[in-house]
Amino acid sequence: MAEHPAYPVGLRLAGRRVVVLGGGQVAQRRLPALVAAGADIRLVSPEATPSVEAMADAGEITWEQRPYAEGDLADAWYALIATSDTAANDAASAEGERHRVWCVRSDDADRATAWTPATGHSEGVTVAVLTTEARHRDPRHTAAIRDAVVEGLRDGTLVAPHRRTRTPGVALVGGGPGDPDLITVRGRRLLAEADVVIADRLGPRDLLAELPPHVEVIDAAKIPYGRFMAQEAINNALIEHAKQGKAVVRLKGGDPFVFGRGMEEAQALAEAGIACTVVPGISSTISVPGAAGIPVTHRGVAHEFTVVSGHVAPDDERSLVDWPSLAKLTGTLVILMGVDKIGKIAGTLIAHGKSPDTPVALVQEGTTAAQRRVDATLATVAEVAVAEEVRPPAVIVVGEVVAVGPHGTA
């Protein structure tokens, strides 16, 4: 087998069973692409990273919390074998061979029956690069070819591979609202040059699959109301890796400074004498409503919009929001992190003069393939949010702009 090159092919996995063994970093990097392909994914692993666990909680994958067992690959079309148990990997590979299931192995590519190429996407085109000989099997070289082709497609030049300048330090990169195409060109370039990426779950996770294997990906696990990595630990990780001379990217959802705690990280880096670059991102506060057909301002309807955090309720002593004043505004109110507090928020706004009939829209997973919009009014939004099982992340828009456009309630 080693004498022959791999035969490239594109697998159409929509609705077909894919088995992933192991819930660690390899699975975390590969699962988003399998989810995007529409595969029926079954994860078998005693443990999982917080981001992989979040995929299971969201219903994107089915997680069987146990070690591999004989028969797990029986009905699979494709398998990713990525456990830390070599014996289990060997047994799963043997089972795959018996059942004619194409298997990728993260621990031993030479014993795998399939390889995962370095992939990139541009304008509806997927670029996949595979090495043909073992002596050329250098992930950095493969990723560089992939990057050159993708960049060439994006700017129309199809330039040859070139050496990138690697700059130690930290870049706080706003990744945008979720769609990987909505990260800035500069943000994508810095991501491609990184040695270490510390990523939030709300960032554009599909971009992680494009990173070459040598890049260390650290899951900051900023999962709403789930397991989390303390901010101090994130700061320390940024400083530690930067002091090792590495190019570090802190990949955040939306914009680093819009409820992203980016300034806390920038201050910690400054105190440690670490160079820091801030790359603004498209904020979900305007992009998510826009993607759902809602303008945050509209001529004759709203001349201003206000963005607030709803992570603490109006009656919570920690709240810094002047809710009574917001109730008197005639413009648009955009609320982030407020799904589970929307009942108290709506009640407070109504109590201070806002009409109960004011239109409200909840946009979940905005700009991603899972985006959905749920409409209500201030009087009904608490009940509707529960009935429709709206989950974070979701952007809540309050105001007459919700009724503007083809999807409005008016």
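Answer yes if at least one residue in the stretch 289-301 is touching an Asp or Glu at 6+ places or on another chain (Cβ under 6 Å), modelled with pLDDT of 95 or more and among the β-branched types (Val, Ile, Thr), and no otherwise. Checking the stretch 289-301: at least one residue is touching an Asp or Glu at 6+ places or on another chain (Cβ under 6 Å), modelled with pLDDT of 95 or more and among the β-branched types (Val, Ile, Thr). Val279 meets all of the listed conditions (1) touching a helix residue (DSSP H, G or I) at 6+ places or on another chain (Cβ under 6 Å); (2) closer than 30 Å to Pro168 by Cβ; (3) surrounded by fewer than 20 Cβ atoms within 10 Å (Cβ to Cβ) but one, namely (3). Among residues of the stretch 1-34 being among the aliphatic types (A, V, I, L, M) and assigned to a loop (DSSP other than H, G, I, E, B), the one that is farthest from Val101 (Cα to Cα) is Ala2.
Can you confirm whether the stretch 387-408 contains a residue that is in contact with a helix residue (DSSP H, G or I) (Cβ under 7 Å, 6 or more places away or on another chain), farther than 30 Å from Ser51 by Cα and modelled with pLDDT under 95? The answer is yes, given that some residue of the stretch 387-408 is in contact with a helix residue (DSSP H, G or I) (Cβ under 7 Å, 6 or more places away or on another chain), farther than 30 Å from Ser51 by Cα and modelled with pLDDT under 95. Taking Ala272 as the residue in question, decide whether it is surrounded by fewer than 19 Cβ atoms within 10 Å (Cβ to Cβ) and out of contact with any strand residue (DSSP E or B) (no Cβ under 6 Å at 6 or more places or on another chain). So Ala272 fits the description; yes. Among residues of the stretch 78-100 being more than 30 Å from Val150 (Cβ to Cβ) and aliphatic (A, V, I, L, M), the one that is surrounded by the most Cβ atoms within 10 Å (Cβ to Cβ) is Ala92. Residues of the stretch 323-344 that are over 32 Å from the mean Cα position of the chain (by Cα) and in a loop (DSSP other than H, G, I, E, B): Leu329, Thr330.
The values are calculated or read from the model by the stated rules, or taken from the named source; none is laboratory data. Note that this is a predicted model, so its numbers are computed, not measured. Glycine also receives a Cβ, built like all others from the backbone with ideal geometry; neighbour counts cover every protein chain displayed.
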